[in-house]
Amino acid sequence: MKILITGNMGYVGPSVVKRLRAIHPDATLVGLDMGYYGNCITSTGGVPERLINVQYFADIRQFPAAILDGVDAIVHLAAISNDPIGNKFEKVTLDINYRASVDLAKKAKSAGVKVFVFASSCSMYGSADDNARTENSPLNPLTAYAKSKVFTERELEPLASGNFKITSLRFSTACGWSDRLRLDLVLNDFVAGAVASGRITILSDGTPWRPLINVQDMARAIDWAISRDRSIASDFLAVNVGSDAWNYQIRDLAEAVARAIPGTLVSINKDAQPDKRSYRVNFDLFKKLAPAYQPAIGLAESVQELKTGLEGIGFRDGDFRSSKYMRLNILTELQKKGLLNEKFEWMNKEAI
Ligand SMILES: NC(=O)c1ccc[n+]([C@@H]2O[C@H](COP(=O)([O-])OP(=O)(O)OC[C@H]3O[C@@H](n4cnc5c(N)ncnc54)[C@H](O)[C@@H]3O)[C@@H](O)[C@H]2O)c1
């Protein structure tokens, strides 16, 4: 078995690699990444890529087709991965997340790859806090990032066939510890605030709904999607991944973190404009199709692992929203230094 994982050097990637290495000890795991966040390591052990057989540094927009030789399955994580970056860099976001993703799937199908797992997002439901959305509910993407996932899914569906099984995992918002931690995710932000300064500052009015999932449970879902029997669902499957127990309103989430880390103060911006990105999601289909792969890590455990991890690296930065733990800050900094151009391509200036 040979599995290619694109975007393996991000936040979710290290958990996916760990899981696949444990489940398929003899598989050849190939990583491909631009390495934007290569030096944002938060592990205290070795680099996460030590579990990979071959690591490529490449751009999925200029995907070297030879890499697909002998590949059985692709886990496609590579993306510009949040709304703030997508809002500022809309064209690049659509080029990477949408056009290059569809192009990669087409190349993969021609090369005889049999399985394609796409990291999609529940954010495609947009403003949807009345009834929990199912996979058949109308989509309402509000941002370039969410649109990129909708457009990609739409063009992936007709590519699926008996020999090319595609699973689009519409993930809840990720949380939890990672060897390349991000703090631009709601629960991670709250725990970081609590640990660094004993304070959680909610930027919205606290009412939006968000489903959450621990990164390790994302990895379990990816593992399921790689091996899912085609008889379980059609050649193309889009499925919400998360659990009913993890549909939270932001203010409840903050209060839960404050209870878990005593002494934490929560402040809500009562004057904030309402955040339209509010969605409740129904996970019945995932429960039915993948009973043995349901999310197993809850809120308390996720808070605890984040707290332990942050304390373990001596994290004390109360100003972390301006730090390297935010993906937008890294990309902006690399551009400022002239290392990345406006299309997020490496300039290789030091090599000249
Ligand atoms: N984190 C979440 O809450 C969440 C939720 C739902 C879905 N997802 C999806 O899961 C995937 C992984 O998310 P993440 O949180 O690890 O994001 P991340 O930003 O931490 O990692 C993305 C990785 O993709 C790489 N990459 C970006 N553009 C590339 C390109 N042109 N060529 C090659 N590599 C490139 C980056 O270098 C990075 O290592 C993304 O597709 C994201 O949209 C994430």
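Summary table below
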quantity	calculated
Residue among 297, 226 that is touching a Gly at 6+ places or on another chain (Cβ under 9 Å) and either assigned to a loop (DSSP other than H, G, I, E, B) or of a type in the set (A, V, I, L, M, F, W, C) (or both)	297
Only listed residue being more than 25 Å from residue 329 (Cα to Cα), among the basic types (Lys, Arg) and in contact (Cβ under 8 Å) with a residue 24 or more places away in the chain, chosen from 210, 199, 154, 133	133
Of residues in region 34-68 being free of Cβ contacts under 8 Å to residues at least 24 places away in the same chain and assigned to a helix (DSSP H, G or I), the one nearest to residue 305 (Cα to Cα)	50
Single residue of 288, 337 found to be at pLDDT 95 or above, over 17 Å from residue 257 (Cβ atoms) and surrounded by fewer than 19 Cβ atoms within 10 Å (Cβ to Cβ)	288
Residue satisfying condition, being closer than 21 Å to residue 165 by Cβ, in contact (Cβ under 8 Å) with a residue 12 or more places away in the chain and within 12 Å of the ligand (Cβ to nearest atom), within set 75, 30, 71	75
Criterion: of a type in the set (Gly, Ala, Ser) and either modelled with pLDDT under 95 or within 20 Å of residue 280 (Cα to Cα) (or both) - qualifying residue of 108, 132, 160	132
Qualifying residues in region 172-211 (those that are in a strand (DSSP E or B) and either touching a Pro at 6+ places or on another chain (Cβ under 9 Å) or away from the ligand (no atom under 11 Å from the Cβ) (or both)) - the one nearest to residue 16 (Cα to Cα)	173
Selection count, region 132-171, where residues are closer than 16 Å to residue 94 by Cβ and part of a helix (DSSP H, G or I)	13
Index of the failed condition, residue 249 passing every other in (1) surrounded by fewer than 24 Cβ atoms within 10 Å (Cβ to Cβ); (2) under 15 Å from the mean Cα position of the chain (by Cα); (3) without any contact (Cβ under 8 Å) to a residue 60 or more places away in the chain	(2)
Selection from region 116-134 of residues that are hydrophobic (A, V, I, L, M, F, W, C) and within 16 Å of the ligand (Cβ to nearest atom)	116, 117, 118, 119, 122, 124, 128
Pairs, first more than 16 Å from residue 214 (Cα to Cα) in region 278-298, second buried (at least 20 other Cβ atoms within 10 Å of the Cβ) and among the β-branched types (Val, Ile, Thr), C-beta under 6 Å, six or more apart	285/239
Meets criteria (of a type in the set (A, V, I, L, M, F, W, C) and assigned to a loop (DSSP other than H, G, I, E, B)) for residue 71	yes
Condition met for residue 215 (β-branched (Val, Ile, Thr) and within 19 Å of residue 303 (Cα to Cα))	yes
Hits in region 1-27 (condition: over 15 Å from residue 73 (Cβ atoms) and more than 6 Å from the ligand (Cβ to nearest atom))	14, 15, 18, 22, 25
Region 253-283: number of residues that are outside any loop (DSSP other than H, G, I, E, B) and loosely packed, with under 14 Cβ neighbours inside 10 Å	3
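The values are calculated or read from the model by the stated rules, or taken from the named source; none is laboratory data. This is a predicted model, so every value here is computed, not measured. Cβ sites come from the backbone with ideal geometry, for glycine too, and all protein chains shown count toward neighbours.
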